[in-house]
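Structure, as structure tokens:
The values are calculated or read from the model by the stated rules, or taken from the named source; none is laboratory data. In this text, all values refer to a predicted model and were calculated from it rather than measured experimentally. Positions of Cβ are backbone-derived with ideal geometry, glycine not excepted, and every protein chain shown enters the neighbour counts.
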Amino acid sequence: MDFNTILQILDSAVRLMTPLLLACLAGLYSERAGVFDIGLEGKMLMAAFTSATVAALTGNVWLGLCAGIIGSLMLSLVHGLASITFRGNQLISGVAINFLAAGLTVLLGQKIFGLGGRTPTLNPGAELEALTTPFRDWLSGIVGPDLAVTLTTMPRFTEIRLPFADALRDVPVIGPIYAELISDHSILVYVAFLCVPATWWLLNRTRFGLRLRAVGENPAAVDTAGVSVTRLRYAAVGICGVLCGLAGAYLATGLSAGFVKDMTAGRGFIALAALIFAKWRPWGALGATFLFGLLEAIANRYPNLELGPITIPSMFMNALPYILTVIILAGFVGRAIPPRAGGEPYVKER
Amino acid sequence: MDKMPKWVDVILTPVISLLLAAAISALVILAIGESPWEALKTMVTGALGSSYGWGFTLYYTTNFIFTGLAVAVAYHAALFNIGGEGQAGLGGLGVALVCLFIPWPHWTLALLGAMLGAAAFGAAWAYIPAILQAKRGSHIVITTIMFNFIAAALLNWALVRWLRPVGSMDPASANFPPSTHLPKISDIFARFGIEWGTHTPANVTFLIALLACVAVWLLIWRTRLGYEIRAFGKSETAARYAGISPVRITVITMLISGGLAGLMAINNVMGEAERLVLNSVEGAGFIGIAVALMGRNHPVGVLLAALLFGFLYQGGGELALWTSIPRELIIVIQALVILFTGALDNMVRMPLERFFTARRLRNRA
Amino acid sequence: MNDTVTKAGGPDSAPQSIPPAIELRGISKAFGPVQANRNIDLTVQKGTIHGIIGENGAGKSTLMSILYGFYKPDSGEILIDGKPIQITDSMTAIRAGIGMVFQHFKLVRNFTVLENIILGAEDGPLLRPSLARARKRLRELAEEYELQVDPDEAIEELSVGHQQRVEILKALYRQADILILDEPTGVLTPAEADHLFRILNGLRDEGKTIILITHKLREIMEITDNVSVMRRGEMVASVRTAETTPEELAELMVGRKVLLEVDKTPAQPGKPILEVRDLRMIDIDKVERLRGISFDIRAGEIVGIAGVSGNGQTQLLEILGGFPEKGAKISGEVMMNGQPLALNGRGSDAAERRERGIGHVPEDRQDEGLIMDFPAWENVSFGYHNAPEYSNGIFMDCAAIRADAEGKFQRFDVRPPNPELAARNFSGGNQQKIVVAREVERNPDLLLIGQPTRGVDIGAIEFIHKRIVELRDAGKAVLLVSVELDEIMSLSDRVLVMFDGMIMGERDPETTTAGELGLLMAGVTDRDASGRDGITPAHRHPADHPDEPTAKPEGQA
């Protein structure tokens, strides 16, 4: 394996880890506030669908992103109602949300596009052209035809070339790392990476973070201090929805061009696994999702990884994140202790 | 005092939840521009209007009884077994190995062997999460989810690299020998000269599923083990006080649960496909969650809920065939049922409790 | 910040024109069919310590929860400083100057003291300034009121007494003028309790108003200025403490003269049934809960274990009953009827204990002794479900269990006499009767019984005490653990006192006094009592220094 191959694999790992990282941080907010969320998968899927749909109908990926966030937030609201307001079982609610998303996306997709549950490919072309025309006509009445065309021909996130990427390309080692690995990603990749220190800061340095962590450890302490447990938990579930929205939107409008049925393919659960791996900490989330992204990148590149006499089938690589998580859960490698009040609806008591 | 009369708890609450789920499903159908009434008619005709429909409905029902019972048994021990999908998949592998590699003289013997294989493989797949929960405190919901994915990878590997016949491109095992083919219910009727459900997959496994309901009822409410399972499910400290070993009960309950989920394979793998294909479970493991929730973890409730979902599945297939409503409508309905009977249970229950408490206070006054 | 300026002084110096700190008028609250508070009136004068006393379930905690905005009263009016106020949530209560120290602390265990103090009372969206201010204020408060505690220590590292200080500091940091303490001494050693009382006196002298909820008469007499008595959801009396007697209060609490004297003949001890030698237990947090316990119980005697809760009694009962905490390390030797009892691994579980003739009425009947959702008849076989008369090994004999339940209900006068009802539908006393019936009627050689009358009404107390004495008179051994000193003194034939995981000494209940037992319960043995004022060793909580015993039992150098 030469340097270039390694760079390519790492580059691919960065792309693949981005939805995992966003979803993992989403789960982090929710679970640190004491609301378990196994519905990350469903929220991502819903966001992927709504973002791709709106991007296809408007030709504008930013509107798509907003739609993705809204789609995910709707399911967050359901989860909040079930697990906060009505004190239901958070795990069951999560299961329901996953199915709701799996069913609704195909149902609505078929109704809107008639393509068997997928959206059109988000590349400028005849197919998209026809779909976006009504919106473009409407928009040109407001902002003028030229701007309207610009705004409706950006159906997916493109890669951003960072400053000096081309200039530095030929510098040995650092050059390719900067140009290949660090530069040339969609904006959401950078957003995801920035979310890590931001989350750390928010949790550890702000009033909101203190209260959020407290409500996941002992909601009674927060309640008796005169702070609303309900509002805090809704806020956490809401942030979770926004981040899942980003993750889903990235999947459908960044990583690939358009939505296909069940496109999350278990990523929500890998994110959940990464969260456990990370012991519910933001920097840990970065490490864990990078590891799982790397595994996926390797499995994609080498369907049969040959290590000397042993051939490792790709299925094993795909299952590795889950296997590793089970090992972590079993406590053989560093015990993962979840937030103390996690999974329990808060009921006031004397 | 109990807050509500028993019938409200056992019958009225799930019925209201179900109606809510149905109402929202109807709205969804309206939203995609179809008529809910027409959809319902298509479903009823397709699933229950002919012996052909019934043949499929009962086939699906059989699957769901097994996975529903699996979730229900675990639930009595306060364990949420979300791994039915993986356990049923492994059960399929067990059935395939038993059918392919052992020469069976007659289907009855093959069925017994396959049941053992299915239950053993399903139970084995539940064993690891169980032992991890019991001994290391790893959350069983998370481990069983992980095991679903590991099972999918394992089955994928087994079918692509191992059981796939030479020369076949299809990731599936070879066809099982004819001596292992189970009699269809249509065959049984045909013996008596009645034409019923020809070319439908419902088979003798349905009767085994009914027996399983009885067995689970006896287990939970009549045996010492069931008593221990229920006590442990209500309070672990109390169980330890009473000399009931949490480790033993967790492991045994999950073995039974995994075994029941695995048993589903004698229906879909042995009874219907007669070979092991990729993704043979088709989500039945997850439907088991909805079935158990709706059936209040009681075998009779599970049977009724499984019948309802069998109807939904067959009806949903018919919908996709005759209307432009995709099959996925069923997944939405399933999600809504889980949501209302499981997660939003209190939304229905709290007003009812208030109503009945107020009424009792009034009566007393 | 000027919460210490107003010096209202003691109750006597308060002029009549100052409105009372708290006035409740006609407060009522029902939970479903249960009337927890019925038309309560209460006036608490500024700058006083006001005791509220009543038995468990009398409605004290509900009343205070209403005052703190946890529950909305069905009717009635609250006045703070003479002004009517609607307390809809805890925030309103805090703003009105009310601080509450709950029986179960509301602290975040893995947060530091400082983080707990500022939680909900931060100065702004960023933490740093809040933490700095809290640190400074904490130092001032510590000096003012003897409330020293390390601000950077995590709560889980602190002793119970220190955690309670954090709760008080939380209230003071929020500038509370009215401090409510709910059963504050239940978890404290006598020395810690004394320290708490000194703090409370200091706070009163600064003009704070304090409401002390308790069911302990001694505390009321010792520290309060006024006392109100609650019984079955009603306020039955409010008097000046100086003008009443413990006897009068006790009578008001229970509604009739208390007869705690148990009718029993002197014990006739036979052969040793249980021999415990050097029993030690270290829990999962590496805290040594039992430090070398040795004692015997003979046939035909009741041995009582006195002590403040949390000094190892629970662990002792759980080990003997066969269900110690998970992850605990246990060593030592226990003989039952002359045969060794396994303490670890195989054969050390509760089922085995029952086969060896040990019955057990656990301390916590709701979470241990009964399955609250099971019908009563199923609870009658609980723990004995392996017995041949209830089960053939595979199936349960439901008819036999039901019949047995009917009989037990009759003999123990359980009401309502309907074994089909779920256990949770019975009152505390009747639940306890079900447990006692189950354990006593198995005729065990040794009965372990913890807090037999906690939350049990007087009638049932007498009944349960009689059954225990009958068992003794039938030549059985009884190990009684109770935090109620009166119960220990009147029921036991010998009293052992536990402190900090050790047995400090043994006394004859006929000749000892409550004062003498109280000293032992505080970890003071006769030898070191003279020099050191009686309370010193207990100042330091064992959890702070798990390695070094803070006190030595009698007879040890």
- Message: I'm trying to understand the selection: among the residues of the stretch A:106-118, which are more than 8 Å from chain B (Cβ to nearest Cβ) and not in a loop (DSSP other than H, G, I, E, B)?
- Response: A:GLY109, A:ILE112, A:PHE113
- Query: How many of the residues making up the stretch C:188-223 are small (Gly, Ala, Ser) and modelled with pLDDT under 90?
  - Reply: 2
- Give the residues of the stretch C:343-370 that are in contact with an Asp or Glu (Cβ under 7 Å, 6 or more places away or on another chain) and assigned to a loop (DSSP other than H, G, I, E, B), sorted by residue number. C:GLY357, C:PRO362
- Query: Which ones in the stretch A:311-337 are in contact with a Lys or Arg (Cβ under 9 Å, 6 or more places away or on another chain) and either under 15 Å from B:ILE145 (Cβ atoms) or at pLDDT below 80 (or both)?
  - Reply: A:ILE328, A:LEU329, A:ALA330, A:GLY331, A:PHE332, A:GLY334, A:ARG335, A:ALA336, A:ILE337
- Within the stretch C:396-434, residues hydrophobic (A, V, I, L, M, F, W, C), closer than 23 Å to C:HIS465 by Cα and not in a helix (DSSP H, G or I) come out as C:PHE412, C:VAL414, C:PHE426
- If C:ASP445 passes every condition in (1) closer than 25 Å to C:ARG353 by Cα; (2) within 14 Å of chain B (Cβ to nearest Cβ); (3) surrounded by fewer than 23 Cβ atoms within 10 Å (Cβ to Cβ); (4) in contact (Cβ under 8 Å) with a residue 40 or more places away in the chain but one, which one does it miss? (2)
- So which of C:LEU252, C:LEU274, C:LEU290, C:LEU279 ends up being within 25 Å of C:LEU517 (Cα to Cα) and either in a helix (DSSP H, G or I) or in contact with a helix residue (DSSP H, G or I) (Cβ under 6 Å, 6 or more places away or on another chain) (or both)? C:LEU290
- Message: Condition first: closer than 27 Å to C:LEU320 by Cα, polar (S, T, N, Q), modelled with pLDDT under 90 and touching a Lys or Arg at 6+ places or on another chain (Cβ under 8 Å). Can you find one or more residues in the stretch C:420-431 that meet it?
- Response: yes
- What about A:PHE290, is it within 25 Å of A:ILE160 (Cα to Cα), touching a residue at least 24 places away in the same chain (Cβ under 8 Å) and away from chain C (no Cβ under 14 Å)? yes
- Item | Single residue of C:LYS46, C:LYS83 found to be farther than 30 Å from C:VAL456 by Cα and in contact with a Gly (Cβ under 8 Å, 6 or more places away or on another chain) | C:LYS46
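Please specify each residue of the stretch C:373-389 satisfying the condition of being among the aliphatic types (A, V, I, L, M) and crowded, with 18+ Cβ neighbours inside 10 Å.
C:ALA376, C:VAL380
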- How many residues of the stretch B:298-332 are assigned to a helix (DSSP H, G or I) and either under 13 Å from B:THR42 (Cα atoms) or more than 8 Å from chain A (Cβ to nearest Cβ) (or both)? The answer is 24
- Please find, within the stretch C:317-363, the residue that is farthest from the other protein chains (Cβ to nearest Cβ) out of those that are surrounded by 14 or more Cβ atoms within 10 Å (Cβ to Cβ), free of Cβ contacts under 8 Å to residues at least 24 places away in the same chain and small (Gly, Ala, Ser). C:ALA342
- Can you tell me how many residues in the stretch B:192-243 are of a type in the set (D, E, K, R) and not in a helix (DSSP H, G or I)? 1
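For the stretch C:175-183, check the following and say yes or no: at least one residue is among the aliphatic types (A, V, I, L, M), under 18 Å from the mean Cα position of the chain (by Cα) and under 28 Å from C:GLY523 (Cα atoms).
Yes: one or more hits.
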- Failed condition for A:VAL326, given (1) under 22 Å from A:PHE36 (Cβ atoms); (2) within 12 Å of chain B (Cβ to nearest Cβ); (3) part of a loop (DSSP other than H, G, I, E, B), with all others met? (3)
- Message: Checking the structure you have, find out if any residue of the stretch C:131-147 is within 13 Å of chain A (Cβ to nearest Cβ), in contact (Cβ under 8 Å) with a residue 12 or more places away in the chain and either of a type in the set (D, E, K, R) or under 28 Å from A:THR230 (Cβ atoms) (or both).
- Response: yes
- Of those in the stretch C:364-402 that are away from chain B (no Cβ under 11 Å) and free of Cβ contacts under 8 Å to residues at least 40 places away in the same chain, the residue nearest to C:ALA437 (Cα to Cα) is C:ARG402
- Task: Might you check whether a residue that is within 14 Å of chain A (Cβ to nearest Cβ) and either part of a helix (DSSP H, G or I) or loosely packed, with under 15 Cβ neighbours inside 10 Å (or both) occurs anywhere in the stretch B:161-172?
- Result: yes
- Note on the structure: Checked against (1) within 20 Å of the chain's Cα centre (by Cα); (2) away from chain B (no Cβ under 11 Å); (3) of a type in the set (A, V, I, L, M), A:ILE270 satisfies every condition except (2)
- Message: Tell me which helices (runs of 4 or more DSSP H) are completely within the stretch A:119-236 and hold 3 or more residues being buried (at least 19 other Cβ atoms within 10 Å of the Cβ), or say none if there are none.
- Response: A:126-143, A:187-205, A:207-217, A:219-224
- Item | Condition check for B:GLY285: within 14 Å of chain A (Cβ to nearest Cβ), part of a helix (DSSP H, G or I) and within 29 Å of B:SER168 (Cα to Cα) | yes
- B:LEU255 under 18 Å from B:ASN81 (Cα atoms), modelled with pLDDT of 95 or more, away from chain C (no Cβ under 13 Å) and in a helix (DSSP H, G or I): yes
- Here are some conditions: (1) buried (at least 19 other Cβ atoms within 10 Å of the Cβ); (2) under 16 Å from the mean Cα position of the chain (by Cα). A:ASP262 meets all but one. Which one does it not meet? (1)
- Within the stretch B:220-242, restricting to residues that are at the interface with chain C (Cβ under 7 Å from one of its Cβ atoms) and among the β-branched types (Val, Ile, Thr), the one that is surrounded by the most Cβ atoms within 10 Å (Cβ to Cβ) is B:THR223
- Task: Would you mention how many residues in the stretch A:84-105 are more than 7 Å from chain B (Cβ to nearest Cβ) and under 14 Å from A:GLY241 (Cβ atoms)?
- Result: 4
- Message: Condition first: modelled with pLDDT of 90 or more and either within 7 Å of another protein chain (Cβ to nearest Cβ) or over 19 Å from the mean Cα position of the chain (by Cα) (or both). Now tell me which residues in the stretch B:337-353 satisfy that.
- Response: B:LEU339
